[in-house]
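The values are calculated or read from the model by the stated rules, or taken from the named source; none is laboratory data. Keep in mind the model is a prediction, meaning the values are calculated, not measured. Here Cβ is always computed from backbone atoms with ideal geometry, including for glycine, and neighbour counts include all displayed protein chains.
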Amino acid sequence: MTRILGLDEAGRGSVIGPLVVGGFVVDSERIDELVGTGATDSKVLDPESRERILLELPHLGVCDTVVLPPREIDRYVALGRLNDLEAHAFGTLVARLAPEEVHADACDTDPRRFARTIAKSCGGVGARILASHHADRDDPIVGAASIVAKVRRDRAIARLSRQLGVEVGSGYPSDPRTIAFLKERLEREYGMPAWVRGSWATMQRVIPERPARTLDAFET
């Protein structure tokens, strides 16, 4: 029996709200049960299915998250080190959950390099770390981590909408509701609100006089 940790993120490409890294650790003998829940890439599931599966996961293993706020993301984007920030968050979950094996969805173009970066950030936990592209689609453990990250990020966006008293949309630059909200809000806002990623190129398009340092990334 091997304790396997799946790792994935949600919100990497959003312009509003946090990037959430999700982890799910499960014993290898329970993988068939995990498959039976329907755990897979959260992007192919509707919200109701994601919520249902998330409720089942604690009966099979352990869920955990690391939340990265926009200001921290902007700092790393300014240094060209967003992948390093994500790998460090992955490593934090490896250190917390102490698995024997790790399966991670790789944001780096070189999955092996990404795995090495995670290994440097996990506090000496001697886990075997495997990273690959599309792991959330191909590996049910990473799919479960994808659901953990996605649901908890969606909840964070819902809380932000309640706090601001207005619907902010999904937080992604492809969402017309998000762009309309940003235009209306930022035209009367002094400074950059803490819930906005000021480094994203979307900000240049929405409010041209505000500086932007990088491009929009993945919508997960």
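Observations
- Any hit, segment 169-186, residues being modelled with pLDDT of 95 or more and of a type in the set (A, V, I, L, M): no
- Those residues of segment 122-171 which are polar (S, T, N, Q) and in contact (Cβ under 8 Å) with a residue 12 or more places away in the chain, in sequence order: S132, S146, S170
- Annotation note: of V125, V94, the sole residue that is modelled with pLDDT of 95 or more and either touching a helix residue (DSSP H, G or I) at 6+ places or on another chain (Cβ under 7 Å) or within 24 Å of D27 (Cα to Cα) (or both) is V94.
- Qualifying residues in segment 95-110 (those that are in a strand (DSSP E or B) and under 18 Å from the mean Cα position of the chain (by Cα)) - the one surrounded by the most Cβ atoms within 10 Å (Cβ to Cβ): A104
- Subset tally (residues that are touching a residue at least 12 places away in the same chain (Cβ under 8 Å) and either farther than 17 Å from D139 by Cβ or in a loop (DSSP other than H, G, I, E, B) (or both)) for segment 1-48: 18
- Flag if E51 is closer than 23 Å to L160 by Cα, under 15 Å from the mean Cα position of the chain (by Cα) and not assigned by TED's automatic domain parsing to the domain that holds Y172: no
- Checklist (1) touching a strand residue (DSSP E or B) at 6+ places or on another chain (Cβ under 6 Å); (2) more than 21 Å from V94 (Cβ to Cβ) applied to L5, failing item: (2)
- Boolean, H88 is out of contact with any Leu (no Cβ under 8 Å at 6 or more places or on another chain) and modelled with pLDDT of 95 or more: yes
Table: residues versus (1) assigned to a strand (DSSP E or B); (2) in contact (Cβ under 8 Å) with a residue 12 or more places away in the chain; (3) of a type outside the set (A, V, I, L, M, F, W, C).
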position	(1), (2), (3)
R50	no, yes, yes
L57	no, yes, no
V67	yes, yes, no
R71	no, yes, yes
L85	no, yes, no
H88	no, yes, yes
G91	no, yes, yes
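- G124 being in the same structural domain as L60 (by TED's automatic domain parsing) and of a type in the set (G, A, S): yes
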